[in-house]
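Undergrad: Pasting a structure below so you can have a look.
The values are calculated or read from the model by the stated rules, or taken from the named source; none is laboratory data. This one's a predicted model, so the numbers in the text were calculated from it and none came from an experiment. Positions of Cβ are backbone-derived with ideal geometry, glycine not excepted, and every protein chain shown enters the neighbour counts.
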Amino acid sequence: MRGPGVGPAFRVDWVRGLPVLRARVLEVSGFRHAFTTRHYPVRDHEVLHDLGFDPQRVVEAEQVHGGAVVLVDGTTGGRVSGADGLWTDRPGLVLRVRSADCLPVLVADPHTGRVAAVHAGWRGLSAGILSRLVQALCEAGSRPEDLRCAVGPSVGPCCYEVDEPVRRALRGWPGAFRPGRPGRWQLDLREVGRAQLLSAGVLPGHVGVCTACTACEPEWFYSYRREGRTGRLWALVSRT
Ligand SMILES: [Zn+2]
């Protein structure tokens, strides 16, 4: 089976016969993480174990397409309402977000051990969710130049047509739009995410972007654009 087109910043890893994606920027700094594919069970208790995560300590964001980034400092799993981004200092806590076209972004600070998981669609990006995350980490003592950021599989500019309200909402990132049909644009959401991280002070070499398109590669990914109601891809990270 030919692998998905993840590009040089990611690789496909096999965990007990299941493919997951690993980001090189997080692997080299030793952070436990995974981006799942379509080949991932709904009941994932055992797989979480296989991936090195404690199923009892998984924390999820409610995900409301907003800009809120929340510090998680409990010791057990759960759900954080109103949040699209989570970060923690706690070893062993597993942060995860779900997506099917939007950007799943995992961030880690090798200097302090902090980790973060963010779900970012155009609404979250227009609310500056990635800038807010970097700001929150830096207020806690991280430095932008230490952060490692992995932008997982999302809908590519090939398949993401948007209209004027979206272009207006993201007018701060004109380089991410290409003209399409009359009144429409092709949006490169990853480029917005990358640019937002860089403008917050993250170094270009510390941002790894997966080039796979969730809409183009149905054998690997779920896509809301392509399928409507569908499953979700998970991005998980923990401080070890
Ligand atoms: Zn595509």
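Undergrad: Could you list, in sequence order, all residues of segment 172-197 that are surrounded by fewer than 17 Cβ atoms within 10 Å (Cβ to Cβ) and touching a strand residue (DSSP E or B) at 6+ places or on another chain (Cβ under 9 Å)?
TA: R178, P179, G180, R181, R184, E191
Undergrad: Could you tell me which numbered condition G156 fails, if it satisfies all but one of (1) over 25 Å from R22 (Cα atoms); (2) in contact (Cβ under 8 Å) with a residue 12 or more places away in the chain; (3) assigned to a loop (DSSP other than H, G, I, E, B)?
TA: So the condition that G156 fails would be (1).
Undergrad: Inspect segment 163-176 for any residue being farther than 29 Å from H39 by Cα and within 16 Å of the ligand (Cβ to nearest atom) and give the result as yes or no.
TA: yes
Yes/no matrix, rows are residues, columns are (1) buried (at least 21 other Cβ atoms within 10 Å of the Cβ); (2) touching a Gly at 6+ places or on another chain (Cβ under 7 Å); (3) modelled with pLDDT of 95 or more; (4) over 30 Å from Y160 (Cβ atoms):
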| residue | (1), (2), (3), (4) |
| --- | --- |
| L18 | no, no, no, no |
| E27 | no, no, yes, no |
| F35 | yes, yes, yes, no |
| V42 | no, no, no, no |
| R57 | no, yes, yes, yes |
| G74 | no, no, no, yes |
| G78 | no, no, no, yes |
| V97 | yes, no, yes, no |
| D101 | yes, no, no, no |
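Undergrad: Would you be able to tell me the number of residues in segment 184-236 that are without any contact (Cβ under 8 Å) to a residue 40 or more places away in the chain, more than 15 Å from the ligand (Cβ to nearest atom) and assigned to a loop (DSSP other than H, G, I, E, B)?
TA: Adding up the residues that qualify gives 3.
Undergrad: Looking at the structure I just gave you, is L21 under 19 Å from R98 (Cβ atoms) and in a helix (DSSP H, G or I)?
TA: no
Undergrad: Also, I was wondering about something else. Can you go through A68, A117, A83 and tell me which one is in contact with a Leu (Cβ under 7 Å, 6 or more places away or on another chain) and among the small types (G, A, S)?
TA: A117
Undergrad: Take L26 and tell me if it is among the hydrophobic types (A, V, I, L, M, F, W, C), in a strand (DSSP E or B) and closer than 23 Å to L125 by Cα.
TA: The answer is no for L26.
Undergrad: Out of all the residues in segment 133-155, is one or more within 16 Å of the ligand (Cβ to nearest atom), over 30 Å from G77 (Cβ atoms) and surrounded by 15 or more Cβ atoms within 10 Å (Cβ to Cβ)?
TA: No, every residue in segment 133-155 fails to be within 16 Å of the ligand (Cβ to nearest atom), over 30 Å from G77 (Cβ atoms) and surrounded by 15 or more Cβ atoms within 10 Å (Cβ to Cβ).
Undergrad: Let me ask something else about it. In segment 93-115, which residue that is in a loop (DSSP other than H, G, I, E, B) and not small (G, A, S) is farthest from T75 (Cα to Cα)?
TA: Going through the qualifying residues, I end up with D101.
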